[in-house]
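Reviewing the structure listed below.
Since every read-out is calculated from the coordinates, none of them should be taken as a lab result. Predicted model, so just to flag it, every value in this text is computed and none were measured. Counting neighbours? That spans all protein chains shown, and the Cβs are built from the backbone with ideal geometry, glycine included.
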Amino acid sequence: QVQLVESGGGLVQPGGSLRLSCVASGTISRLTTMGWYRQAPGKQRELVAAITGVGNTNYADSVKGRFTISRDNAKNTVYLQMNSLKPEDTADYYCKAQNPLRDYWGQGTQVTVSS
């Protein structure tokens with residue numbers, strides 16, 4: 001089993017920044033891709049960014065140039081640096097980790113972008 005705990009969400013003004021963290025614990029030796037997803041009220045959950053075990057990254061078009069995903073394997077942690085935040089970035093953000101058998105999800109952290 002793998003447990004994922006997100007932190008770093010909160011309320012921020014448009015144009016501001018936040019850094020989300022996701023710490024993995026448990027049977028983490030076979031984890032491969034880790035990523036961040038988000039779900040806004042009334043919308044489907046969508047991929048924000050993902051990073052493979054060797055550091056290859058993938059971003060949603062809506063966040064390219066503003067968000068950066070990174071990974072510290074020694075700390076079993078994946079980060080999402082979010083800059084130039086917009087009201088449309090408001091959502092619950094979820095961490096996902098994959099191993100060859102299944103996906104694991106965190107409980108989510110709320111991000112609200114509002115003046």
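Over segment 30-115, Cα pairs under 8 Å with separation of 6+ residues give a relative contact order of 30 percent.
Using the average count of surrounding beta-carbon atoms within 10 Å as a protection proxy, the listed peptides 99-107, 66-74 rank, highest first, as 66-74, 99-107. Note on the chain: Rg/Rh from Cα positions, Kirkwood definition for Rh, rounded to two decimals, is 0.96. Cross-link reach is defined here as a Cα-Cα straight distance under 18 Å, omitting same-chain residues fewer than 8 places apart; for K96 the aspartates and glutamates meeting it are E6, E46, D72.
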